[in-house]
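Report on one structure; see the data block that follows.
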Amino acid sequence: MILMKDKRAIIIKTPKLRKIRNNFRDLWLKATSSKWNNIYDRRRDMLFRSDGSRITISAFSPSELAQFRNLQSQEATLRELASRSICMCVTCGKGEQDMVYNKAYDAWYCTECYGMERLNTQERAKLKIRKLKPCEEKAIQSHSKTFL
Ligand SMILES: [Zn+2]
């Protein structure tokens, strides 16, 4: 298990290294997408007979249903891996930016999105919104602290 610090920025300034990094990220995302498509196709194939008619899940045998659910689980895991990886911003989906890790959300943000979150946090801190319920205010403060 890899333990990450609360916050970590990965910034590469050299254009050639940025290009190499972006190409690796792109390659990894394409491999993940290809694997996801393969699993999706296998799961979709289970839903149709050779004549093209649809099979409902309720008609599956217990082992077919287990296989179907396993494929769904693999799809979700791959999607989660990609969206939470350093290869793409969890907010905007961009993958060609420098990234900042936020442990509270176990996610990587591009420096642009992270900066906007920080800015929003600082502006919210300046405004004292009194109409919020104490639990709402506490939740906002808790979220905000993760970006400071
Ligand atoms: Zn972003």
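The values are calculated or read from the model by the stated rules, or taken from the named source; none is laboratory data. Computed from a predicted model, the values in this text were never measured in an experiment. No Cβ is skipped: glycine too gets one built from the backbone with ideal geometry, and neighbour counts run over all protein chains shown.
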Does region 83-104 contain any residue that is loosely packed, with under 15 Cβ neighbours inside 10 Å and closer than 15 Å to residue 147 by Cα? yes
Within region 29-48, is even one residue within 22 Å of residue 113 (Cβ to Cβ) and not hydrophobic (A, V, I, L, M, F, W, C)? yes
Determine whether region 112-124 contains at least one residue that is surrounded by 11 or more Cβ atoms within 10 Å (Cβ to Cβ), more than 30 Å from residue 12 (Cα to Cα) and away from the ligand (no atom under 16 Å from the Cβ). yes
Filter region 27-68 down to residues that are basic (Lys, Arg), under 30 Å from residue 96 (Cβ atoms) and surrounded by 13 or more Cβ atoms within 10 Å (Cβ to Cβ), then give me how many there are. 1
Looking at (1) under 12 Å from the mean Cα position of the chain (by Cα); (2) more than 16 Å from the ligand (Cβ to nearest atom), which one does residue 42 not meet, given that it meets all the others? (1)
Would you mind finding the one in 114, 40 that is under 28 Å from residue 19 (Cβ atoms) and of a type outside the set (A, V, I, L, M, F, W, C)? 114
Looking at 71, 27, 47, 78, can you tell me which residue is at pLDDT 95 or above, within 30 Å of residue 147 (Cα to Cα) and in contact with a Lys or Arg (Cβ under 9 Å, 6 or more places away or on another chain)? 78
Find all pairs meeting these conditions: Cβ atoms under 6 angstrom apart; at least six residues apart or on different chains; first residue within region 91-103 and on the phi < 0 side of the Ramachandran plot and without any contact (Cβ under 8 Å) to a residue 40 or more places away in the chain; second residue of a type outside the set (D, E, K, R) and more than 7 Å from the ligand (Cβ to nearest atom). 97/111
